[in-house]
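The values are calculated or read from the model by the stated rules, or taken from the named source; none is laboratory data. Just so it is clear, the model here is predicted, and its values are computed rather than measured. Virtual Cβ from ideal backbone geometry, glycine too; neighbours counted across all protein chains shown. Keep in mind that these areas ignore ligands, DNA and RNA; they rest on the heavy atoms of the full protein, side chains included. Shrake-Rupley method; radii C 1.70, N 1.55, O 1.52, S 1.80 Å.
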Amino acid sequence: MTTAQPVSAAAPTLAKEKLPRHVAIIMDGNGRWARSRGLPRFAGHRAGAKIVSTIVEECSNLGIQQLTLYSFSTENWNRPAEEVELLMELYVEYMRSQRALLMAHNIRFAQIGCTDALPAKVLAELNTTLEATRNNTGMTLCLAINYGSRSEITRAVQQIVDDVRRGLLLPENVTEKSISDRLYTAGMPDPDLLIRTAGEMRVSNYLLWQISYAEFYVTEVFWPEFTIPELHKALRDYAGRNRRFGGIDKSNT
């Protein structure tokens, strides 16, 4: 069973200006981690939830501005009903157990995704946590729950069409900002670093608009084994990247 890890007191030998402002993570491999140990899949989800607490606390200590975790996708409803129900119960348990940690670290909670399909008890706990942390001024912890990027973009386009139809927006005035302002992530910085665990080389309908210029980091480590040293490794790798945003490397000119 995964145990809590000690949180480091200092940044991983990185200058603060080299740290990403916004880290997004696809937390993959819970089921495979459990299967490799002869455990039921849900044991992997529970172990993964414990790692979330550790990584959230460490990112807050390091001064990361926002951490966004891909927690439950719109496609995850296709999983066995029992597993989905257990996951929803885990959200309720996590929200209740982690509020004290969020408050202690001045972390503001946010959620992206369609809430309409979420069970009432999950929605109630999400809203309670949103309200409790509303005035916190530290890191933002954002959970993507019932989230799918294509449906998010479709929703934004529908809102733009509606605004044009009602005369609130001219077609020629539709810009990238018009779209960004209608996404779930409106007002949030785009991710600088996207981490995916368990070695999968795909983005799985996650923040497709927002990660246009994000740096990707893929590790073979399953999420329940994504320790603080693994996080530091990803941050060191990011710090060594040359982010040109479509320009040229002036150091080589």
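When you look at GLU131, is it closer than 20 Å to MET27 by Cβ and charged (D, E, K, R), yes or no? It is false that GLU131 is closer than 20 Å to MET27 by Cβ and charged (D, E, K, R). Of all the listed residues (ARG46, ARG99), the sole one being open to solvent by 60 Å² or more (accessible area, probe 1.4 Å), of a type in the set (Lys, Arg) and either farther than 24 Å from ARG150 by Cα or not in a helix (DSSP H, G or I) (or both) is ARG46. Inspect the range 7-15 for any residue being closer than 26 Å to TYR238 by Cα and either open to solvent by less than 10 Å² (accessible area, probe 1.4 Å) or in a helix (DSSP H, G or I) (or both) and give the result as yes or no. Yes, some residue in the range 7-15 is closer than 26 Å to TYR238 by Cα and either open to solvent by less than 10 Å² (accessible area, probe 1.4 Å) or in a helix (DSSP H, G or I) (or both). Against the conditions (1) in contact (Cβ under 8 Å) with a residue 40 or more places away in the chain; (2) within 24 Å of ILE51 (Cα to Cα); (3) among the hydroxyl-bearing types (Ser, Thr, Tyr), SER149 satisfies every one except (2). Within the range 199-218, not a single residue is within 15 Å of the chain's Cα centre (by Cα) and part of a helix (DSSP H, G or I).
When residues of the range 16-40 are filtered for being touching a residue at least 24 places away in the same chain (Cβ under 8 Å), part of a helix (DSSP H, G or I) and surrounded by fewer than 19 Cβ atoms within 10 Å (Cβ to Cβ), how many remain? The total comes to 3.
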